[in-house]
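One structure below.
The values are calculated or read from the model by the stated rules, or taken from the named source; none is laboratory data. These figures come from a predicted structure and were not determined experimentally. Neighbour counts run over all protein chains shown; Cβ positions are idealised from the backbone, glycine included.
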Amino acid sequence: MDEVRMVRDLYPEPASPSAQQLAQEIAQVKARLTESPRRSLPRIRWGIGGLGGLVAVGAAAAVAITLVGGNGDSTTVVPPGQVNLDAKSAVLAAAQKAEQQPGGKYWYTNVIQGQAYILRPKTGTYAIDGALTESFSWFGAKTGMGEGYAGRDLPAHLKTEQDRALWRKAGSPSRFPVWSGDKALTFSSKEKKWELEGPEKGTYPRGGGKFLDGKHSVEDLQNLPTDPAKLAKMFLGPGGMLGRAAKADPSGTKRFNPVNARTQISMVMSVLGMNPVPQKVRAGLMRALADQPGIHAIGRTTDPLGREGIALASDDFATTATGEWGGPKAEQGTYRSREVIIFDEKTGDVLSRQDVLTKPGGKYSQMKPGFIIEYWTVRSAKWTDTKPVPPAALPWS
């Protein structure tokens with residue numbers, strides 16, 4: 001059920017007020033807001049009862065709204081026409097926005113991948129994003145319109161202002177020696193250029209027109225179902241794309257679980273972040289993911305580029321590192337984290353898939369919950385009518 005649309009249908013937008021009515025209504029609102037603070041504002045419940053009790057006061061006024069939802073009884077001033085939904089309803093609202101996005105001649109995707117590393121000088125522990133790569137790919141809507149690829153290594157990035165201050169205290173090094181899995185690496189703060197792939201300046205002129213697994217045309221994608229249950233079976237179930245990916249897993253480990261909340265989040269990120277899936281299909285897949293066991297709506301959160309969005313998350317899980325592969329003692333131990341996927345609340349676009357610390361320990365013992373450990377972030381992905389080119393500016397200014 002699309003609760004957002006249901007409420008909008010039951011409670012349509014009121015007719016636009018006249019200038020005189022608007023002035024009177026604004027004056028009434030101002031009078032209410034300046035009355036004694038002991039007077040409580042109406043409590044509005046989100047459910048079949050809809051928005052009963054809320055009086056439209058005109059497009060120029062702001063209304064204080066209290067909702068009973070995932071965050072309890074906090075009162076927030078919001079712009080006219082905007083309602084603070086509970087976390088699940090906010091995801092559904094973002095899904096509805098995903099139904100409204102336009103198309104074009106060329107599809108492009110600009111993705112950033114990164115991993116957090118901890119530096120432990122005597123002057124104070126700080127974190128960087130290292131192993132940073134940025135990729136750019138574009139595809140014509142039809143075969144023969146061409147496709148192109150480019151990539152670049154990004155300079156190591158200090159995660160917060162506190163990290164930057166501790167880095168300066170350590171002498172502002174330009175190189176960052178870290179331990180990564182089973183080996184020592186050194187990352188640099190040096191900027192690198194885009195490297196183009198392809199016979200003609202990063203272009204395969206005969207390409208284009210194939211998406212998803214390299215076998216689907218734009219027309220094929222248009223024919224995908226929009227029903228969340230059908231999409232869940234197609235992409236998120238053991239007999240769908242996720243299950244087939246698990247069977248093709250080269251590791252052969254029996255512990256690999258092809259269908260759990262974490263892998264489902266990764267699948268949705270891949271499908272929506274890399275492919276021109278029609279908007280109603282996008283909306284259906286967002287709703288399908290929100291309904292999966294072990295997936296929880298967690299409200300608003302921020303991605304590595306500082307963009308705020310509406311998020312879904314898996315249950316948290318433990319990760320343990322031992323000294324088996326030669327890792328130093330400071331890198332050993334257990335921490336807990338969860339997979340988070342973030343959607344743009346205004347457009348429904350997918351922003352990021354990230355592994356987020358929930359319980360510090362091991363290599364992240366000095367970090368706080370909410371610390372982003374690893375991520376796969378969409379800087380931009382959309383249709384355009386002109387042939388796309390990689391951005392010149394770095395993701396972080």
Could you check, for the range 248-261, whether at least one of its residues is at pLDDT below 95, outside any loop (DSSP other than H, G, I, E, B) and surrounded by fewer than 19 Cβ atoms within 10 Å (Cβ to Cβ)? no
In the range 346-366, anything buried (at least 20 other Cβ atoms within 10 Å of the Cβ), in a loop (DSSP other than H, G, I, E, B) and on the phi < 0 side of the Ramachandran plot is listed as ASP349
Scanning the range 295-340 for residues that are assigned to a loop (DSSP other than H, G, I, E, B), under 30 Å from ALA93 (Cβ atoms) and in contact with a helix residue (DSSP H, G or I) (Cβ under 8 Å, 6 or more places away or on another chain) gives ASP315
Taking the range 194-234 and the residues there that are among the acidic types (Asp, Glu) and assigned to a loop (DSSP other than H, G, I, E, B), the one that is farthest from PHE136 (Cα to Cα) would be ASP227
In the range 115-131, anything closer than 30 Å to ASN275 by Cβ and crowded, with 20+ Cβ neighbours inside 10 Å is listed as ALA116, ASP129, GLY130
Of the residues in the range 132-165, those that are of a type in the set (Gly, Ala, Ser) and in contact with an Asp or Glu (Cβ under 9 Å, 6 or more places away or on another chain) come to SER137, GLY140, GLY146, GLY148, ALA150, GLY151, ALA156
Within the range 367-382, the residues that are part of a strand (DSSP E or B) and surrounded by fewer than 16 Cβ atoms within 10 Å (Cβ to Cβ) are SER380
Selection from the range 333-345 of residues on the phi < 0 side of the Ramachandran plot and at pLDDT 95 or above yields THR334, TYR335, ARG336, SER337, ARG338, GLU339, VAL340, ILE341, ILE342, PHE343
Just one listed residue, out of ASP291, ASP349, ASP315, ASP355, is within 30 Å of GLY209 (Cα to Cα) and of a type in the set (Asp, Glu), and it is ASP349
Across the range 217-248, the tally of residues that are farther than 15 Å from ARG282 by Cα and basic (Lys, Arg) stands at 2
Residue pairs within 8 Å by beta carbon, gap of at least six or interchain, first lying in the range 292-320 and of a type in the set (Asp, Glu), second part of a loop (DSSP other than H, G, I, E, B), listed first then second, are GLU308/GLU345; ASP315/GLY294
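Okay, residues lined up against (1) loosely packed, with under 12 Cβ neighbours inside 10 Å; (2) of a type in the set (Val, Ile, Thr); (3) in the same structural domain as GLY323 (by TED's automatic domain parsing); (4) on the phi < 0 side of the Ramachandran plot:
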position	(1), (2), (3), (4)
ASP153	no, no, yes, yes
THR160	yes, yes, yes, yes
THR186	yes, yes, yes, yes
LYS201	yes, no, yes, no
GLY214	yes, no, yes, no
PRO228	no, no, yes, yes
ARG244	no, no, yes, yes
Residues of the range 171-208 being of a type in the set (Gly, Ala, Ser) and touching a strand residue (DSSP E or B) at 6+ places or on another chain (Cβ under 6 Å), in sequence order, are SER188, GLY198, GLY202, GLY207, GLY208
Picking from LEU305, LEU285, the residue that is touching a Pro at 6+ places or on another chain (Cβ under 7 Å) and either of a type outside the set (Ser, Thr, Tyr) or not assigned by TED's automatic domain parsing to the domain that holds SER180 (or both) would be LEU305
Review point. Quick check, is GLN113 modelled with pLDDT under 95 and of a type outside the set (D, E, K, R)?
Key: no
